[in-house]
């Protein structure tokens, strides 16, 4: 059976050629009265996702629910090496759980807005998350990482903006359109980079 997790619900099919089922609520203990979103599955079935607990002063955090004996266990928040009192969200977990990529918002070592950070798993915890640098991150928001592990390519979304709003002289309408409709125009766009260029050496 093939499963595809969709935020708080999932769809399934018995064979690759079969149609997907309708959305099925994944239920407790994953779903609660809070917001749970952006799921990522490891090969062993462990589910990583973002939780926004409205009763807490802190913001979005990354949680993991361990899959064992055919069911999900109560989610646990990842340590302070991953989470902070600010926003941590949109995690990608490597299939073998050796590293995690996710967005941190407005950290002191950030390049601006939300940046992608990486942490490596140890025997007992995770390494302190590190900003993956200017090859990927900008002063704008970078988020929604996904790694094609077969091709070793990191895909991510960015709101990087290369448009100009002040001009020395009036522009023809076509030139103005070209300016604001260029790829790096501040809207959410997809980008890719070789994963080897950012991995720990």
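Assorted remarks:
- The alpha carbon radius of gyration of segment 32-197, expressed as a multiple of 2.2 N^0.38 Å, is 1.20.
- Each residue, residue 187 and residue 24, gets one label point 7 Å from its Cα in the Cβ direction; the gap between the two is 3.7 nm.
- Segment 32-197, relative contact order in percent, only Cα pairs under 8 angstrom and at least six apart counted: 14
- Full-stretch length increase - residue 43, residue 194 - with 0.36 nm per residue and alpha-carbon distance subtracted: 52.2 nm
- Plainly put, segment 141-193 has a radius of gyration that is 1.18 times its Kirkwood radius, both from alpha-carbon atoms, as the Rg/Rh ratio.
Only the coordinates and a few stated rules stand behind these numbers; no lab work does. Please read these numbers as outputs of a predicted model, since none were measured by experiment. Using ideal geometry, Cβ is built from the backbone for each residue, glycine included, and neighbour counts are taken over all protein chains shown.
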